[in-house]
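Here the structure is laid out as structure tokens; the discussion comes afterwards.
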Amino acid sequence: MIEVFDNFLPKYYFRDLQEHFVTSKHSDCQWFYGDNISGDEFNPDLESFGFSISLFDIQTGPVYNASGFISRVLPLITQEKVEDLTGQEHLLVRTRAVMTVYCPESYQHERHVDMEEENTTCIFYLNTSDGNTSIYDRNGTTLLKEIEPIENRLVIFDGKYLHAGHSPSKNKNRVLINMNFVTPQTMNYLL
């Protein structure tokens, strides 16, 4: 399953999110550097870095001092869409904002899954940029779909599909919010 929804949020709500994470109007938005934005393991590639903000984690609850809309409402709206698509109840496990920045040549980050357990992964794009998201099968051998980052686009897919983002080579940055949902049975396993 790979589903794409354009113009996902009403413009007013979308602009609020975009202003918080993408524009320079909000100096309180603090991004944290990561040597390898796609995983915890060391990656020797110079281009593998990026920035992120942990917004929510099931173990700790809200992590980032964000507005209620960012930390609660966007995941709830997305959760409803996930449940409609799958026909199953789902619970939020993790939410984080991710930024990759300009790289003179297109760089594909590592193919990865966000978590080892069965889950549904959602990517919500906050700006239009180059730097597609490549989604592969569960073995990572077959490319299933290339998703162009377009602002206010939501992509929902099987969280066991390997995926990889690309750093932009024509724009300053590529900014998104990543969310992971699991069924209550998987949640019981996690806790």
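The values are calculated or read from the model by the stated rules, or taken from the named source; none is laboratory data. Worth saying up front: this structure is predicted, and the values here are computed from it rather than measured. Counting neighbours? That spans all protein chains shown, and the Cβs are built from the backbone with ideal geometry, glycine included.
In segment 99-150, how many residues are surrounded by fewer than 21 Cβ atoms within 10 Å (Cβ to Cβ) and either acidic (Asp, Glu) or part of a loop (DSSP other than H, G, I, E, B) (or both)?
Of the residues in segment 99-150, 26 are surrounded by fewer than 21 Cβ atoms within 10 Å (Cβ to Cβ) and either acidic (Asp, Glu) or part of a loop (DSSP other than H, G, I, E, B) (or both).
Could you grab me the full set of residues in segment 168-191 that are in a strand (DSSP E or B) and aromatic (Phe, Trp, Tyr)? Walk me through how you get there before you give the answer.
Keep residues of segment 168-191 that are in a strand (DSSP E or B), which gives 173-182.
PHE181 - this is the single residue of segment 168-191 that is in a strand (DSSP E or B) and aromatic (Phe, Trp, Tyr).
Being within 22 Å of GLU146 (Cβ to Cβ) and of a type in the set (Asp, Glu) is the filter; apply it to segment 81-122 and report the residue that is modelled with the highest pLDDT.
Ranking the qualifying residues of segment 81-122, first place goes to ASP114.
Would you check if LEU162 is of a type outside the set (Lys, Arg), modelled with pLDDT of 95 or more and surrounded by fewer than 21 Cβ atoms within 10 Å (Cβ to Cβ)?
Judged against the criteria, LEU162 is a match.
Can ILE156 be described as closer than 21 Å to LYS81 by Cβ and either in a loop (DSSP other than H, G, I, E, B) or among the acidic types (Asp, Glu) (or both)?
no
Within segment 56-73, is even one residue modelled with pLDDT of 85 or more and assigned to a loop (DSSP other than H, G, I, E, B)?
As a first pass, look at segment 56-73 and keep what is modelled with pLDDT of 85 or more: none.
No, segment 56-73 contains no residue that is modelled with pLDDT of 85 or more and assigned to a loop (DSSP other than H, G, I, E, B).
Checking TYR189 against (1) within 19 Å of GLY50 (Cβ to Cβ); (2) modelled with pLDDT under 95; (3) among the aromatic types (Phe, Trp, Tyr), which single condition isn't satisfied?
Status for TYR189: all satisfied but (1).
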